[in-house]
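Only one structure is covered here, and it is reproduced in the block below.
Each reported figure results from applying straightforward, stated rules to the coordinates on display, with no laboratory input. Keep in mind the model is a prediction, meaning the values are calculated, not measured. Cβ placement follows ideal geometry from the backbone for every residue including glycine, while neighbour counts extend to all protein chains displayed.
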Amino acid sequence: MQDKLDSARCSKFLKALAEPERLKIVQCLQSGRKSVGEISREVGATLANVSHHLKQLRAAGLVGGQKQGRFVFYELAPEILRKSGTRAPNTLDFRCCRIELGGK
């Protein structure tokens, strides 16, 4: 059987998003890059917890981070984020499926 979905790649993304806290972080990052501290405050979680989840999201290729001084700023991976107009939601496009993040 031909694997049209690229199941291994797709399941990596979906597995990383299967944790509610990670979905909150992804929603938080849809408005742009943020530090771990900013994400922590917005989602109401500890720095250690957010750092752990960011590590998992980064390993799956959903977020990227860039160090600036003492801080690392995270953002959604541009290759999977499709930005829409102001009224339309942003979309994570994995090629096997898409997730609409809702407007902000």
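Taking 0.36 nm per residue of separation and subtracting the Cα-Cα distance, full extension of the segment from residue 8 to residue 59 would add 16.9 nm. Checking every one of the chymotrypsin sites (Phe, Trp or Tyr not before Pro) in the stretch 50-80 against DSSP loop status and a limit of 14 other Cβ atoms within 10 Å picks out no site at all.
What 222 nm value per residue comes from the helices of the chain, counting each DSSP H run with n ≥ 4 as -39,500 (n - 2.57) and dividing by all residues, nearest 500 deg cm²/dmol? Display every interim value, and only then the final one.
Numbers: 4 runs with 41 residues, N = 104.
About -11500 deg cm²/dmol.
A Cβ-based charge dipole, computed about the Cα centre of the chain with Lys and Arg at +1 and Asp and Glu at -1, lands at about 160 debye.
What is the gain in length, in nm to one decimal, between residue 38 and residue 72 on full extension, counting 0.36 nm per residue of separation less the C-alpha to C-alpha distance? 11.2 nm is the gain from fully extending residue 38 to residue 72.
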